[in-house]
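Report on the structure given below.
The values are calculated or read from the model by the stated rules, or taken from the named source; none is laboratory data. Just so we're clear, the structure is a prediction, and the values are computed from it rather than from any experiment. Neighbour counts are summed over all protein chains in view; Cβ atoms, including those assigned to glycine, are modelled from backbone coordinates with ideal geometry. For accessibility, only protein heavy atoms count, side chains too; no ligands or nucleic acids. Shrake-Rupley method; radii C 1.70, N 1.55, O 1.52, S 1.80 Å.
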Amino acid sequence: MELKIYKDKAEVAKYFAIYLKELIRTNDKLTIALSGGSTPKVIFDYIAENFNDLDWSKVFLYWGDERCVPPTNEQSNYLMTVEHLISKIDIPKENIFRVLGEECPNEEAKRYAMVLNETLEIEHDVPQFDLVILGMGDDGHTASIFPHEINLWDAAESCVVATHPESAQKRVSITGKIINNAKQVAFLVTGASKAEKVDEIINTAEVSKNYPATLVKPTSGNLYWFLDEDAAEKIK
C-alpha cells in the first residue's frame with residue numbers, strides 16, 4: 001500500500017492524472033475500470049484540458065459499477081464520464097464498454113461478466129484489468145459493494161447486482177475477485193467526511209473489517225491511495 005497525500009481535491013486530480021498519463025504512455029494497451037463520484041469528475045476535466053495529446057486508441061474503458069438507470073440519466077456514471085472525458089478526447093467507440101444500466105440488472109450483471117471474460121486478459125483464471133479506479137463512501141463501501149452486503153465481495157461471479165442501503169436502487173458492480181486481480185488499484189478519496197474511515201482502514205482498526213474498502217488487497221501488491229489532506233487528517 002502506498003499513500004499519496006495532496007493539499008486538496010484539485011491537487012489529487014492533477015497528480016492522479018499525471019500517474020495515469022504515465023501508464024498510458026508506457027503501455028501498448030491499457031484496460032481501466034472507471035469509478036463514478038465527484039473526484040473522478042475533477043480528474044476527467046483535468047485530463048481533458050491538459051492531456052489531449054495522449055494516444056487514446058490504446059486505452060479501453062470499462063466501469064467498476066453502474067447505477068441501473070438509462071445512459072441519459074443524470075445518475076449514470078457513464079453519462080458523467082461522457083460529459084467530462086469521453087466527449088472531449090479522441091477515443092474509438094469500440095474501446096468503450098459501458099454497463100447497460102437500462103437493462104434487467106440480473107441479466108446485465110451476467111452479460112457484463114461475459115464482456116470482461118471475452119475482452120480482458122485472463123490471469124489466475126480471472127479477467128484482469130491493468131488499472132481499477134475506486135472511490136470510497138462515507139460508510140466504507142467501494143464500487144457498489146456496501147457494508148450490509150459485504151458478502152458480495154467474495155461472490156463467485158465477476159459481476160453482481162447490489163442494492164443501495166437507503167434508496168434501494170439496484171446497481172451492477174464488479175466483485176472482489178476482479179478488483180484484487182488487477183495489476184494496479186488506485187483509491188481516490190477526498191473530503192473530511194472520509195477521514196474516520198480512512199484512518200480505521202489504513203490502521204486496520206477492528207471495526208474496519210465491516211468495510212468493503214478494507215478488503216481491497218490486490219495480489220499484485222500495487223495499491224495506491226490518492227488522498228487530500230482532509231481525508232488523510234486522522235491517519236496516525
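What the table shows:
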| quantity | calculated |
| --- | --- |
| Share antiparallel - DSSP beta bridges, the chain, percent rounded to 5 | 35 percent |
| Cross-link table LYS4/LYS183; LYS7/LYS197; LYS21/LYS41; LYS88/LYS217; LYS110/LYS194; LYS4/LYS58, entries beyond 25 Å C-alpha to C-alpha | LYS88/LYS217; LYS110/LYS194; LYS4/LYS58 |
| Accessible area (Å², per residue) of the range 132-236, counting only protein heavy atoms and a probe of 1.4 Å | 40 Å² |
| Per-peptide average of other Cβ atoms within 10 Å, ordering 101-112, 138-149 highest first | 138-149, 101-112 |
| Percent accessible area from carbon and sulfur atoms, the chain, protein chains only, probe 1.4 Å | 47 percent |
| DSSP-assigned coil residues among GluC sites (Glu not before Pro) in the range 35-87, each with at most 12 further Cβ atoms within 10 Å | GLU74 |
| Most mobile listed residue (THR26, THR163, THR72) in the chain, GNM with C-alpha springs under 10 Å | THR26 |
| Added length on full extension, which subtracts the Cα-Cα distance from 0.36 nm per residue, THR204 to LYS4 | 70.2 nm |
| 14 Å beta-carbon shell around GLY101, net charge (K/R +1, D/E -1) | -2 |
| Loop-located trypsin sites (Lys or Arg not before Pro) in the range 1-102 whose Cβ has at most 12 other Cβ within 10 Å (DSSP) | LYS7, LYS29 |
| Global geometry of the range 162-236, whether rounded, prolate or oblate, following the gyration tensor of its Cα atoms and the 1.5 cut on a/c | oblate |
| Residues of the range 1-130: accessible area per residue with a 1.4 Å probe, Å² | 51 Å² |
